[in-house]
Amino acid sequence: MALLDKPLTIYGKTLSSRLFIGSALYPSPQVMLDSIEASNASVVTVSLRRQGTVEAGADFWQLIKQTKRDILPNTAGCYSVKEVVTLAQMCREVFQTNWIKLELLGDEYNLQPDPIALLEATRILIADGFEVLPYCTDDLVICQKLVELGCEVLMPWGAPIGTGKGLLNPYNLKVIRERLPNTTLLVDAGLGLPSHACQAMEIGYDAVLLNSAVAQAGDPVMMAKGFAAAVAAGRAGYLAQAMPEKELAKPSTPTMGMPFWHQN
């Protein structure tokens, strides 16, 4: 029997799509807008750090507003708690939302989140009224502690940011899903192909967040369409519940002449 589907909600807001998409690295503003439209994403992530001047930031913000999507500001590029908190407060003022994708990096080589600083920043931001969506590694204990601090949504990585390697450790991601059944989970970072998104959805993740996989594709608009289809397919596969794996082959059609009572 298939599982019953339920709407995706983020801190009480119901969303129509399970795909979140980023707004950086596209070859042109128009390609960005076309890709966001093709993805059918409900949420677009943005970063204040990517705007070089006030004028450029204002122009970019006008483009983002054209998408008529919900905005998820992020603290990309931050390496300290103080830096994250300051940028989050600026984002809240500019984008008029309490949502914040909390990105606090600890290593410049693989852009891995700093788990210790991440917990401290989460505590401060939640106390300040933010609705925090932390970007974290696929570490169950860190995820549990983030939930204990009050996070309703977690975003463990599939692989390091921008690598396109997919789900490097599906086992860890499955364990997080099983141990945190009431937490909304998104796979964020490292996806490169629609099949990676489909795999994340098939193991029960509620949504995926991606940027480079679309923005840096040869045809970003076509890739956005591919990811939209993959997310829908993966969700359907999860809800339908896959057949049990078997060690031996079993024919899908009966052998001619075999009695029906031997066909099970």
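Heavy-atom accessible surface of the stretch 13-240, averaged per residue, reaches 43 Å², computed with a 1.4 Å probe. Expressed to the nearest 5 percent, the antiparallel share of DSSP beta bridges inside the stretch 13-240 is 5 percent.
Each part gets one Cα centre, and for the stretch 144-180 versus the stretch 210-239 those centres are 19 Å apart.
Take the Cβ-Cβ distance between TYR171 and GLN144 as r, set R0 to 25 Å, and report the resulting FRET efficiency rounded to the nearest 0.05.
Working: r = 17 Å, r/R0 = 0.67.
Efficiency, rounded to the nearest 0.05: 0.90.
Tell me, what is the percent relative contact order of the stretch 13-240, built from C-alpha pairs under 8 Å that lie six or more residues apart? Write down the numbers at each step before the final one.
Values: 453 pairs, mean separation 45.7, N = 228.
Result for the stretch 13-240 is 20 percent.
Here the extension length gained between MET222 and THR97 equals 42.0 nm, from 0.36 nm per residue of separation less the Cα-Cα distance.
For the chain, what does -39500 (n - 2.57) per DSSP helix run (n ≥ 4), summed and divided by total residues, give at 222 nm, in deg cm²/dmol to the nearest 500? Please report the intermediate quantities before stating the final value.
Values: 9 runs with 106 residues, N = 264.
Result for the chain: -12500 deg cm²/dmol, rounded to the nearest 500.
Candidate cross-link partners of LYS145 among the aspartates and glutamates, defined by an alpha-carbon separation under 12 Å and a same-chain spacing of 8 or more, comprise GLU120.
For the set MET243, MET222, the ranking by accessible area, highest first and with no ligand, DNA or RNA atoms included, is MET243, MET222 under a 1.4 Å probe. Helices in the chain that qualify as membrane-span-like (whole DSSP H runs, Cα extent of at least 20 Å along the helix axis, mean Kyte-Doolittle hydropathy of 0.0 or higher) are 81-95, 220-240.
FRET efficiency for the ALA24 to LYS68 pair, using the beta carbon distance and R₀ = 25 Å, is estimated at 0.80. Close amide H pairs (under 5 Å, H built 1.01 Å from N) link LEU72 with VAL44, THR45, VAL46, residues at least 5 positions away or on another chain.
Skipping prolines and chain starts, which residues have an amide H placed within reach, meaning under 5 Å, of the one on ASP138, given they are 5 or more residues away or on another chain? Excluding prolines and chain starts, which carry no amide H, the hits are TRP157. In a DSSP loop and with at most 16 other Cβ atoms within 10 Å, the trypsin sites (Lys or Arg not before Pro) in the stretch 12-114 are LYS68.
Across the stretch 98-141, the residues whose backbone nitrogen lies under 19 Å from the label position 7 Å along the beta-carbon direction of TRP61 are 98-101. Net charge of the neighbourhood of PRO194, taken over other residues with C-beta under 15 Å away and scored Lys/Arg +1, Asp/Glu -1, is +2.
Check the straight Cα-Cα distances from LYS68 and name the lysines below 17 Å, setting aside those fewer than 8 residues away within the same chain. Within the straight-line cut-off, LYS68 pairs with LYS13. Of the accessible area of the chain, computed with a 1.4 Å probe over protein heavy atoms only, carbon and sulfur atoms account for 55 percent. Amide H to amide H distances under 5 Å link SER17 with SER42, where only residues 5 or more positions off or on other chains count and H is placed in the peptide plane.
The values are calculated or read from the model by the stated rules, or taken from the named source; none is laboratory data. Everything numeric here is computed off the predicted structure, so don't read it as measured data. We place every Cβ from the backbone using ideal geometry, glycine too, and count neighbours over all the protein chains shown. The area values use the complete protein model at the heavy-atom level, side chains included, leaving out ligands, DNA and RNA. Shrake-Rupley method; radii C 1.70, N 1.55, O 1.52, S 1.80 Å.
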